[in-house]
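What follows is a single structure, written as structure tokens, with notes after it.
Quick note: the coordinates plus some simple rules give every number you see, no bench work behind them. The structure presented is a predicted model; accordingly, all values stated were derived computationally and were not measured. Neighbour counts run over all protein chains shown; Cβ positions are idealised from the backbone, glycine included.
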Amino acid sequence: MNEQEIKQKLEDIKYMIEPILDDNAIPRNIRRAVDEAKNKISEINGDLDVKIASAIYSLDEVANDINMPFHARTDIWNLVKELEKLKEELK
């Protein structure tokens with residue numbers, strides 16, 4: 001996977017994050033964790049594997065929150081899936 005494909009994949013993932021951040025039905029703590037994950041994969045410096053793993057960890061932390069609406073849980077699982085797929089493709 002070349003650098004351009006990686007950048008495009010990261011942009012696609014960030015695009016998937018935006019509706020979650022804009023959804024007021026999702027509790028603030030969950031939106032904060034999603035925003036934190038977005039910031040981690042947006043950082044310029046650092047190892048991409050570490051940034052992706054850190055973003056996955058942030059999302060996993062809130063994925064089973066009992067206050068999360070079902071549609072948001074599905075969106076977060078999809079984000080985690082895409083991040084894990086990208087992480088595997090980088091190996």
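Listed by first and then second residue, the pairs with beta-carbon distance under 9 Å, at least 6 apart or on different chains, first residue in segment 4-22 and closer than 20 Å to GLU88 by Cβ, second not in a helix (DSSP H, G or I), are LYS9/MET1. The residues of segment 15-49 that are aliphatic (A, V, I, L, M) and surrounded by 12 or more Cβ atoms within 10 Å (Cβ to Cβ), listed by number, are MET16, ILE17, ILE20, LEU21, ILE26, ILE30, ALA33, VAL34, ALA37, ILE41, LEU48.
In segment 35-60, the residues that are more than 15 Å from ASN78 (Cα to Cα) form Cβ pairs under 7 Å with partners that are among the acidic types (Asp, Glu), at six or more places apart or across chains, as follows: LYS51/GLU43.
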